[in-house]
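Colleague: Mind having a look at this structure? Questions to follow.
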Amino acid sequence: MPKTPDELFAYLDELGIKVKTVKHPPLFTVADSQRLRGEIPGGHTKNLFLKDKKDNFFLLTVEEDAVVDLKTVHTLIGAASRVSFGKPEKLMEYLGLLPGSVSTLGAINDTLGQVKIILDEGLMQHDIINVHPLTNEATTSIGRDDLVRFLRATGHEPEILAVAAPADALTE
């Protein structure tokens, strides 16, 4: 059974990690998020739940407006082949999340370490990172270093890689 947001917050508290959470109507897309979030400082995230042909799973967390080249990102993240989006059933099985609620905080549910967590270098330039707390009905602000500490506490050693280009980067 996946953890609830309250169980997540209790775990963060046990780790001594202070967060700030703002509740809001459900957000399903980055555009929804940009319209409704108001003034929440820090880096805002977009999450890509991906798999390769050998059923290796990856969660890429980048800035909300960053561009990820799905044709080549496999060469950066250590995938066995080109990647595609993971199915909602695997997202629930491994991270305990529904589409629209994808977040690095879902690592709390991946007790067997089935998902490799990749954090984009650009996102990690922010002192504060904003993520969903296992639901798309809230946004939680967490310190960058605390996010890494949380991931390590869940058994995930995040890789910090340059996997995204800014939204204004020219694409071919």
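Colleague: Does THR61 qualify as being part of a loop (DSSP other than H, G, I, E, B), under 21 Å from GLU157 (Cβ atoms), at pLDDT 95 or above and of a type in the set (Ser, Thr, Tyr)? Don't jump to the end; show me each part of the working.
Modeller: Numbers: part of a loop (DSSP other than H, G, I, E, B): no; under 21 Å from GLU157 (Cβ atoms): yes; at pLDDT 95 or above: yes; of a type in the set (Ser, Thr, Tyr): yes.
So THR61 fails the test.
Colleague: Which of the numbered conditions does ASP13 fail, given that it passes all the others? Conditions: (1) surrounded by 11 or more Cβ atoms within 10 Å (Cβ to Cβ); (2) charged (D, E, K, R); (3) modelled with pLDDT under 95; (4) farther than 15 Å from ILE129 by Cα.
Modeller: The failed condition is (3).
Per-residue answers, yes or no, for (1) within 15 Å of the chain's Cα centre (by Cα); (2) of a type in the set (Gly, Ala, Ser):
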{"site": "HIS74", "(1), (2)": "no, no"}
{"site": "ALA79", "(1), (2)": "no, yes"}
{"site": "LYS87", "(1), (2)": "no, no"}
{"site": "GLY106", "(1), (2)": "yes, yes"}
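Colleague: Tell me yes or no: at least one residue of region 137-146 is assigned to a loop (DSSP other than H, G, I, E, B), modelled with pLDDT under 95 and not polar (S, T, N, Q). If you could, list the steps in order and put the result at the bottom.
Modeller: Taking region 137-146 as the starting set, the residues that turn out to be assigned to a loop (DSSP other than H, G, I, E, B) are 137.
Now restrict to residues that are modelled with pLDDT under 95: 137.
Filter once more, so that each one left must be not polar (S, T, N, Q): 137.
Among the residues of region 137-146, at least one is assigned to a loop (DSSP other than H, G, I, E, B), modelled with pLDDT under 95 and not polar (S, T, N, Q), which makes the answer yes.
Colleague: Here's something else I'd like to know. Could you say whether any residue in region 44-51 is modelled with pLDDT of 90 or more, assigned to a strand (DSSP E or B) and more than 20 Å from LEU123 (Cβ to Cβ)?
Modeller: So far as region 44-51 goes, yes, one or more of its residues are modelled with pLDDT of 90 or more, assigned to a strand (DSSP E or B) and more than 20 Å from LEU123 (Cβ to Cβ).
Colleague: Residues in region 52-89 that are surrounded by fewer than 16 Cβ atoms within 10 Å (Cβ to Cβ) and among the acidic types (Asp, Glu): how many?
Modeller: Count: 4.
Colleague: Something else about it: Among (1) surrounded by fewer than 20 Cβ atoms within 10 Å (Cβ to Cβ); (2) within 13 Å of the chain's Cα centre (by Cα), there is one condition THR45 misses while meeting the rest; what is its number?
Modeller: Exception for THR45: condition (1).
For every residue, the table says whether it meets (1) in contact with a Ser or Thr (Cβ under 8 Å, 6 or more places away or on another chain); (2) of a type outside the set (S, T, N, Q); (3) free of Cβ contacts under 8 Å to residues at least 60 places away in the same chain.
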| position | (1), (2), (3) |
| --- | --- |
| PHE57 | no, yes, yes |
| THR61 | yes, no, no |
| ALA66 | no, yes, no |
| LYS87 | no, yes, yes |
| THR104 | yes, no, yes |
| ASN109 | no, no, no |
| ILE128 | yes, yes, no |
| ILE142 | no, yes, no |
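Colleague: Is there a residue being polar (S, T, N, Q), farther than 19 Å from GLU7 by Cβ and touching a strand residue (DSSP E or B) at 6+ places or on another chain (Cβ under 8 Å) anywhere in region 101-116?
Modeller: From region 101-116, those polar (S, T, N, Q) are 101, 103-104, 109, 111, 114; that's our starting set.
If we keep only those that are farther than 19 Å from GLU7 by Cβ as well, we get 114.
Of the ones still in play, those that are also touching a strand residue (DSSP E or B) at 6+ places or on another chain (Cβ under 8 Å) are 114.
Yes, that holds for at least one residue.
Here's the yes/no breakdown for (1) assigned to a strand (DSSP E or B); (2) farther than 18 Å from LEU12 by Cα:
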site	(1), (2)
GLU89	no, yes
TYR94	no, yes
LEU98	no, yes
ILE108	no, no
LEU112	no, yes
LYS116	yes, yes
LEU119	yes, yes
MET124	no, yes
ILE129	yes, no
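The values are calculated or read from the model by the stated rules, or taken from the named source; none is laboratory data. Just so you know, these numbers come straight off a predicted model, no measurement behind them. Virtual Cβ from ideal backbone geometry, glycine too; neighbours counted across all protein chains shown.
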